[in-house]
Amino acid sequence: MNYIVTARKWRPQRFEEVVGQEHITTTIKNAIINNRVAHAYLFTGPRGCGKTTTARILAKTLNCLNVKDGEPCNECEMCQSFLNLQSLDIIEIDGASNRRIEEIRTLRESVKYAPTKGNFKVYIIDEVHMLTTESFNALLKTLEEPPEHTIFIFATTDVHKVPLTIISRCQRFDFRRIEISTMKNHLRKIAESEKIEIDDKALTLISKKADGALRDAQSIFDQVISFSG
C-alpha cells in the first residue's frame, strides 16, 4: 500500500513552497543569505499553518552544503540525511511527551557537543508551551549563553503559556491563518497535479471549513476524494 496522505505528500521542502506565510519565509531567507541567523527562534500561531514545516526547512537549510538564495538544495548529503530521517544534527523533540526537567537536563548536556557533520546542531521543540516551569528554568541558562554551534527552534500554538524570559531570548515569528483564496488556489494546484476533477464550489467549501489551517484543508480534501470514489 503506497498511498500517502496529501498533507505528507505535499509537505513543503523549500521556503518558497510554504503557503501563505511569505512575511516569515522571506525574512528567514534574507537572514540566511546575510549570515544573520539567530540562536533561537519562536514560531507561534494556530495549528496546521506551517510552523513545524518551516522549522524543518530552516534546520535543513542551516546544514545544507549547497544553499542557494537562502533555499536548501535537497540533494546534498546533509539534506538527504535529514529527508531520510538519518540526521544526527537535527533533533526534533515533542514538548508534550518530553516536558519534565530530567529530559531538559539531558538536552542541556547534549548541547555541549559539536555537530557530527553539519554546521549546526538544531533542536526543534514542538508544542514548547507544554514544558513544565522547572523545565523552562533549566532551559533558560542555555538560551542565555548558547554554544555557537547550537540553534533552537520552538513552535507553539499557545504562546501565552511560554514564559516571557524565554520569549525575550528568541526571534519571534507569528504565523497567520491562511486566507481562503490562497488555500483554495493551493488545493486546485494539488488537484490538477494529481489529475483529480473537483469543482470550484467544493474547493471553496473545503477552504472555509478548514478555518485557516492548510493541514485540515488537505485532510478534508482527502476525505472528499475518498467519498466521491
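Here are some notes:
- All positions within the stretch 35-51 that are modelled with pLDDT under 95 and either touching a His at 6+ places or on another chain (Cβ under 9 Å) or among the polar types (S, T, N, Q) (or both): Asn35
- Test result for Ser207, part of a helix (DSSP H, G or I), surrounded by fewer than 19 Cβ atoms within 10 Å (Cβ to Cβ), of a type outside the set (Asp, Glu) and not assigned by TED's automatic domain parsing to the domain that holds Trp10: no
- Flag if His129 is part of a helix (DSSP H, G or I), touching a residue at least 24 places away in the same chain (Cβ under 8 Å), under 30 Å from Cys76 (Cβ atoms) and not charged (D, E, K, R): no
- Candidate set: the stretch 110-126, residues that are assigned to a strand (DSSP E or B) and without any contact (Cβ under 8 Å) to a residue 60 or more places away in the chain; chosen: the one farthest from the chain's Cα centre (by Cα): Lys121
- Within the stretch 165-183, tally of residues that are β-branched (Val, Ile, Thr), touching a Phe, Trp or Tyr at 6+ places or on another chain (Cβ under 8 Å) and crowded, with 17+ Cβ neighbours inside 10 Å: 1
- Matching residues in the stretch 50-104 - criterion: being assigned to a strand (DSSP E or B) and either outside the structural domain of Thr133 (by TED's automatic domain parsing) or β-branched (Val, Ile, Thr) (or both): Ile90, Ile91, Ile93
- Qualifying residue in the stretch 213-228 (condition: closer than 26 Å to Gly20 by Cα, outside any helix (DSSP H, G or I), at pLDDT 90 or above and not aliphatic (A, V, I, L, M)): no
The values are calculated or read from the model by the stated rules, or taken from the named source; none is laboratory data. The structure displayed is predicted, hence computed values, not measured ones. In this analysis, Cβ positions are derived from the backbone assuming ideal geometry, glycine residues included, and neighbour counts consider all displayed protein chains.
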